[in-house]
Amino acid sequence: MGADREIVKRHVEALLAESDRAQVPRDVVGRLLLEHVVQIWLASRTQEDVARQLVFTAEHLDPDTDFTFMRP
């Protein structure tokens, strides 16, 4: 894993541990994280680009499905 991924993973794990202790539902945590992610992206990307990223992510939620551009 790259350093960037490790940094984010460490902080997300700490956030989940703290929110679990505070009995904040993970669904709420996820929704709030998504709000922050969108704001981070909008600081350097267009609304259209962010929307495309979100649609792409939503269309590829199944980890067992290959991306359409992947070859068998």
Note on the stretch 9-50: residues over 11 Å from the mean Cα position of the chain (by Cα) and among the acidic types (Asp, Glu) are Glu13, Glu18, Asp20, Asp27, Glu48, Asp49
Counting only residues in the stretch 1-15 that are modelled with pLDDT of 95 or more and in contact with a helix residue (DSSP H, G or I) (Cβ under 9 Å, 6 or more places away or on another chain), the one nearest to Leu54 (Cα to Cα) is identified as Val12
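Right, Glu48: of a type in the set (Asp, Glu) and surrounded by 10 or more Cβ atoms within 10 Å (Cβ to Cβ) or not?
Values: of a type in the set (Asp, Glu): yes; surrounded by 10 or more Cβ atoms within 10 Å (Cβ to Cβ): no.
So Glu48 does not fit the description; no.
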Being among the acidic types (Asp, Glu), surrounded by 10 or more Cβ atoms within 10 Å (Cβ to Cβ) and at pLDDT below 95 narrows it down to one of Glu59, Glu18, so name that one.
Glu59
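The values are calculated or read from the model by the stated rules, or taken from the named source; none is laboratory data. Just so it is clear, the structure is predicted and the values come from calculations on it, not from any experiment. Neighbour counts are summed over all protein chains in view; Cβ atoms, including those assigned to glycine, are modelled from backbone coordinates with ideal geometry.
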